[in-house]
Amino acid sequence: MQNKTQEEKWLKDRLKIVGASEISTVIKSECTEDDIRKAMSDSADEFLNDKLFVSPFALYHYKKELAEPEPFSPVLSEFGHEMEKYAVIDFNRKNYEIISKNHERINAVAENKPQELIYCKELHKLCAYTPDAFIEFGNSKTLHKDVIKNDKAIFEIKTSNLFKFHQDNWGIPEEQKEVKFQYIIQAQYQLWIQNKIDPKFKWAVIACILPKEKEIDNDFWKGKAVAWCQDLTDKNFKKLQENFAVYYWIYPIFKTLHPLFEKALNKWGERLENNIEPKPNIENNTDIKIQKEKLLNNMEDFKIMCQKKFGKENQGIIEFTEALKQKYEDIYDKLCIDKQNREDKLSADKAIKEFEAKMINFCVQEKCLGFNIDDSTIHIKKWGKYLRIMNNFKTNMEKLE
């Protein structure tokens, strides 16, 4: 059983790499549309139009430890880990030969503990991934006519119902169900790494697990499935088969993606090293919340600095910083609420412009710090540059010393 220290180390190690679930974000952040179209051909439109699981702005802040990811649902997390074991056994029982990296890998899935990162520094210092399982093809039937004996595959297992283009997969004929291209990119990234380590890895198999009826796509049935997986008798395995379908897709290695992976990782690495923050997306509530927290933290630092210089009981400092903080909270909360309601909302651009005007007017008129602020030195004309106002304050205070 992996202890808390080992788990914390695994999570810490993930901050230093770009994993398979993050590579699409890095590609969209660092590569041009022409790069993407050249590498993805007919699938480029889908990839370009598909919503990312995490934005470049948010991923940058997670990797820099400037923000924490929103906690993942423990129900979905446990369901995902346990159903990976079901997919492996289902695959075996359909007369395929499947092996894991070693026996502990299968046990690790069953025990729902963090998995081992597989690195390939030869490709890039940032590339690594955590495999669900490996497949070794023998003499049994295979998923693809070109697979030959002793070929190997990475096995990526998904428990989301996010198939390609279909919001509602129930009632869709089986032959029309397709996997999201972002899942294919994840699997190809893993295959790129694993093929470099062992050239026998030439294939990526993706399994997607979907409840057979829409009515059981809820936490109650996910809990039942977890219990069946934890006691995987023939009886419980049959219950899983009766309620959850497993769909499989197999893909050869897409070598046209490899230059794209390399370019994306190189430019992302430069971004991290040089502290170049991606632009936030005002259509993304996560980006809005991260930006808000950054500003409020900076505000608190500013308040402490002011109190040290002018005294903790200086009422002007207290009122000024509290009022400033409230204005930041109001504008960001307003943006988030408007994004959720989508009705009669104040546009982000209009809200930002109104906020800029109020902020400049407030700072110039209040003069709470005991010195004049030249409004020509305050630059908050664009999203993401509100921190400049704090830097102006610091510069002015340094001049007082």
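Numbers below:
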item: In the stretch 30-74, GluC sites (Glu not before Pro) in a DSSP loop with at most 14 other beta-carbon atoms within 10 Å; result: GLU65
item: Length added when fully stretched, LEU48-ASN150, from 0.36 nm per residue minus Cα-Cα; result: 33.1 nm
item: Two-site label geometry, LYS212 and ASP13: point separation in nm, points 7 Å out along Cα→Cβ; result: 4.0 nm
item: Relative exposure of LEU265, LEU117, judged by other C-beta atoms within 10 Å (fewest first); result: LEU117, LEU265
item: Segment ASP231-LEU66, extension gain: residue separation times 0.36 nm, minus the distance between their alpha carbons; result: 55.3 nm
item: For the stretch 52-67, 3J(HN,Hα) per residue [Karplus equation, 6.51 cos²θ - 1.76 cosθ + 1.60, θ = phi - 60°, Hz, x = Gly/Pro]; result: 6, 6, 9, 6, x, 4, 5, 4, 4, 6, 5, 5, 7, 6, 9, 7
item: Protection-proxy order for peptides 197-209, 217-229, 145-157, each taking the mean of Cβ atoms within 10 Å per residue, highest first; result: 197-209, 145-157, 217-229
item: Label-reachable residues, the stretch 43-85, where backbone N falls under 19 Å from a point 7 Å from GLU178's Cα toward its Cβ; result: 43-52
item: Difference of contour (0.36 nm per residue) and Cα-Cα distance, TYR247 to ASN266; result: 3.4 nm
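Any read-out appearing in this document is the output of simple, stated calculations on the displayed coordinates, not a laboratory observation. As the structure is a prediction and not an experimental result, all values here were calculated from the model. Positions of Cβ are backbone-derived with ideal geometry, glycine not excepted, and every protein chain shown enters the neighbour counts.
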